[in-house]
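Have a look at the structure below before the remarks.
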């Protein structure tokens, strides 16, 4: 009788173990299926996802919206992480087409929120100086980049960064006047050298 009881317990343990293994396999399959169907971080945004009906869109991490047109596989509007570069937007748009003029764009240039750029076809040039914008972007520049501006030294660059941290992005270059130490003369000397 004792042997029968031990055999019964062994079969019960085996069944419980099999159920646990099946549950773990099912859970693993569910996680894998979710990972394969999840939207990538740099995915194209549809109009409905932007909340056009109520005019609202919310997201938890800093991001920029960029409109990519021209010689890319999937032109459109893309949400990218803040600090993304032109090459990131082109990758989000599916990459260059075979006829793209790859030499006309500065692929390392930082993107700004609301920007639109077009990838030219072979034989075309990038429109409106999009190939290289040498202006310093107040929203993306670090202290070293700000320090390259005339009359802006390390102390003034630190004040610009502190203002940006306290108030958020510059909406226009005129917001620079709100930073302590920027008078009309200094601002006018920088007007053509900065952007947002």
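The values are calculated or read from the model by the stated rules, or taken from the named source; none is laboratory data. Keep in mind that this is a model prediction, so the values were computed, not measured. Here the Cβ positions follow ideal geometry from the backbone for every residue, glycine too, while neighbour counts run over all protein chains shown.
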Quiz prompt | residue 169 surrounded by 12 or more Cβ atoms within 10 Å (Cβ to Cβ) and touching a helix residue (DSSP H, G or I) at 6+ places or on another chain (Cβ under 7 Å) | solution = no
Quiz item: Any residue at all in the stretch 43-52 that is farther than 23 Å from residue 168 by Cα, surrounded by 15 or more Cβ atoms within 10 Å (Cβ to Cβ) and either in contact with a helix residue (DSSP H, G or I) (Cβ under 8 Å, 6 or more places away or on another chain) or modelled with pLDDT of 75 or more (or both)?
Solution: yes
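Do you know which of the residues in the stretch 32-42 that are surrounded by fewer than 10 Cβ atoms within 10 Å (Cβ to Cβ) and assigned to a helix (DSSP H, G or I) is modelled with the highest pLDDT?
That would be 34.
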